[in-house]
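Colleague: For reference, the structure I am asking about is given below.
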């Protein structure tokens, strides 16, 4: 299996992405000294309508809609280069990618309950509630978790399952008809996985994950607000597992590794289709409320 060189990642990081399905990019951006990002984090209290000084009244978790964004390339040339390398080159991007203020704010999720170890946590899923999933789906080239606050043990870390992408790849290879977004829970695929960890990171780190990576929310027993957002990076064309030039992306290499193949001929047997998830209506209602609040203060 050939590929372009990946100068921003070490060979060890490349292999970690292939075998474990993720890599952590340290200090990918500066959420403290970047004026725009600092404003975004300062604004979360007003946007969420939460009193910063009354932690006893904090909600569990709020998923904010996107109201502002900036180009990824402007924010972090280093991270942008790594993202492009992992998907096989900038030319494979569907469009310009941006980082945004659609934070997932974990204020105090499960703080009053006994700690549940990652392996026993619920809610494991792979992202992509808006399309039918195939082995080669282009709708979600990679997943990126960008962290705007430090995340400590029992502090609301994203739970990830290293190696789970290999199980999902093998499952989807057997289902060219594609699967609805609920296929992870419907087929109890989490039970086939064996490694479950907290993604402990610092503010400014990014966790870049294979699109098939299983992950879940975790408790925030520390009650120190955790701010992060997700970016699903869309690519122009479906993944390809039989390239004549063998210029496979790391995402494709990981799938071939899972299948124990040098190449794999794959053809879908059902049309690709979009799905409108329930969260769209909820986020629109939140956005409308936010816009009304802004208008009332002007």
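Colleague: Look at residue 136 and say whether it is surrounded by fewer than 19 Cβ atoms within 10 Å (Cβ to Cβ) and out of contact with any helix residue (DSSP H, G or I) (no Cβ under 8 Å at 6 or more places or on another chain). Step through it out loud before you land on a result.
Modeller: Numbers: surrounded by fewer than 19 Cβ atoms within 10 Å (Cβ to Cβ): no; out of contact with any helix residue (DSSP H, G or I) (no Cβ under 8 Å at 6 or more places or on another chain): yes.
Here the answer is no, as residue 136 does not meet what is asked.
Colleague: Look through the stretch 242-256, keep the residues that are surrounded by 22 or more Cβ atoms within 10 Å (Cβ to Cβ) and in a loop (DSSP other than H, G, I, E, B), and return whichever of them is nearest to the chain's Cα centre (by Cα).
Modeller: For the stretch 242-256, the residue satisfying everything is 249.
Here is a yes/no grid of residues against (1) modelled with pLDDT under 95; (2) within 17 Å of the chain's Cα centre (by Cα); (3) over 17 Å from residue 142 (Cα atoms):
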site: 196; (1), (2), (3): no, yes, yes
site: 204; (1), (2), (3): no, yes, yes
site: 228; (1), (2), (3): no, yes, no
site: 283; (1), (2), (3): yes, no, yes
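Colleague: Return a yes/no flag: does the stretch 210-217 have any residue that is farther than 20 Å from residue 130 by Cα, in contact with a strand residue (DSSP E or B) (Cβ under 6 Å, 6 or more places away or on another chain) and at pLDDT 95 or above. Show your work before the answer.
Modeller: First, pick out the residues of the stretch 210-217 that are farther than 20 Å from residue 130 by Cα: none.
No; the residues of the stretch 210-217 include none that is farther than 20 Å from residue 130 by Cα, in contact with a strand residue (DSSP E or B) (Cβ under 6 Å, 6 or more places away or on another chain) and at pLDDT 95 or above.
Colleague: For residues in the stretch 139-148 being part of a loop (DSSP other than H, G, I, E, B) and buried (at least 22 other Cβ atoms within 10 Å of the Cβ), which is modelled with the highest pLDDT? Outline the logic, then answer.
Modeller: At the first step, the residues of the stretch 139-148 found to be part of a loop (DSSP other than H, G, I, E, B) are 139-141, 148.
Then keep just the ones that are buried (at least 22 other Cβ atoms within 10 Å of the Cβ); that gives 141, 148.
On the way: 141: 94, 148: 97.
Looking at the filtered set, the residue picked out is 148.
Colleague: Scan the stretch 99-118 for residues that are within 18 Å of the chain's Cα centre (by Cα) and either assigned to a helix (DSSP H, G or I) or free of Cβ contacts under 8 Å to residues at least 40 places away in the same chain (or both) and jot them down.
Modeller: Initial filter on the stretch 99-118 (within 18 Å of the chain's Cα centre (by Cα)): 99-106, 118.
Matches in the stretch 99-118: 118 only.
Colleague: Being part of a loop (DSSP other than H, G, I, E, B), crowded, with 17+ Cβ neighbours inside 10 Å and modelled with pLDDT under 95: is that true of residue 181 here? So that I can check it myself, show each step before the final result.
Modeller: On the way: part of a loop (DSSP other than H, G, I, E, B): yes; crowded, with 17+ Cβ neighbours inside 10 Å: yes; modelled with pLDDT under 95: yes.
It is true that residue 181 is part of a loop (DSSP other than H, G, I, E, B), crowded, with 17+ Cβ neighbours inside 10 Å and modelled with pLDDT under 95.
Colleague: So which residues in the stretch 28-53 are surrounded by fewer than 14 Cβ atoms within 10 Å (Cβ to Cβ), farther than 25 Å from residue 291 by Cβ and touching a helix residue (DSSP H, G or I) at 6+ places or on another chain (Cβ under 9 Å)?
Modeller: 30, 32
Colleague: Could you look through the stretch 54-67, keep only residues that are assigned to a loop (DSSP other than H, G, I, E, B) and in contact with a helix residue (DSSP H, G or I) (Cβ under 7 Å, 6 or more places away or on another chain), and pick out the one that is surrounded by the most Cβ atoms within 10 Å (Cβ to Cβ)? Working first, answer last.
Modeller: Just the residues of the stretch 54-67 that are assigned to a loop (DSSP other than H, G, I, E, B), to begin with: 54, 58-60, 64-67.
Filter once more, so that each one left must be in contact with a helix residue (DSSP H, G or I) (Cβ under 7 Å, 6 or more places away or on another chain): 64-65, 67.
Numbers: 64: 22, 65: 20, 67: 16.
The residue in question is 64.
Colleague: Write out, first by first residue and then by second, each pair whose Cβ atoms fall under 6 Å of each other, whose residues are 6+ apart or on separate chains, and whose first residue, in the stretch 45-58, is without any contact (Cβ under 8 Å) to a residue 12 or more places away in the chain while the second is surrounded by 14 or more Cβ atoms within 10 Å (Cβ to Cβ).
Modeller: Correct list of pairs: 52/45.
The values are calculated or read from the model by the stated rules, or taken from the named source; none is laboratory data. None of these values were measured; they are calculated from a predicted model. All Cβ positions, glycine included, derive from the backbone under ideal geometry; neighbour counts span all protein chains shown.
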